[in-house]
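Worksheet for the structure shown next.
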């Protein structure tokens, strides 16, 4: 969450934080607006999980390249330049790239990055092909936060190719990608940013999901 020029920029991680704890959103909002300082809290366990997650993602990327898959990395010299990376993502999708790494999306005040987009045979506004999102995660079981992120990426893909992907995928450690099929179309509900959350109105992005 960032506040720039009186504009609040959000990511799927902020939505996950709200689902886990609405009060955390209140604190993050105060930090973004400069009302509260961000506290430093050592988190060795969290840092370890982050490093292992990055290693898992890098290992899957290396596996794809070793298999001769065409991988397009859309991150430029400045990885925090989301707008440039988002334009590069659209260009790669229109060009029909087989795999798009670190696909970046900017939708209004929301922005995020999918680990991978995979080329699929689906007629869309792009042509005879479309894309589905895949995230590399350490956990072997689906978690609501994973699904929330994938739903955001799926909706972002649909806004570009003008067709909703039929599935989204999660790759666990030492396992084949797991396919999640959405049974009904969905759109994340607007998350109310209150100064004092009082419960209710939790953000729910998917009406129904099934692993296939």
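Assorted remarks:
- Residue in the stretch 75-84 that is modelled with pLDDT of 90 or more, surrounded by 15 or more Cβ atoms within 10 Å (Cβ to Cβ), in contact with a strand residue (DSSP E or B) (Cβ under 6 Å, 6 or more places away or on another chain) and in a helix (DSSP H, G or I) present: yes
- Taking the criterion of being more than 21 Å from residue 10 (Cα to Cα) and part of a loop (DSSP other than H, G, I, E, B), the residues of the stretch 30-74 that qualify are 40, 41, 42, 43, 67, 68, 69, 70.
- The stretch 12-53, subset more than 20 Å from the chain's Cα centre (by Cα) and within 24 Å of residue 171 (Cα to Cα), residue surrounded by the most Cβ atoms within 10 Å (Cβ to Cβ): 48
- Apart from one condition, residue 135 fits all of (1) at pLDDT 75 or above; (2) farther than 18 Å from residue 13 by Cα; the exception is (2).
- Among the conditions (1) exposed (fewer than 12 other Cβ atoms within 10 Å of the Cβ); (2) at pLDDT 80 or above, the only one that residue 56 does not satisfy is (1).
The values are calculated or read from the model by the stated rules, or taken from the named source; none is laboratory data. All values derive from a computational prediction rather than experimental measurement. Neighbour counts run over all protein chains shown; Cβ positions are idealised from the backbone, glycine included.
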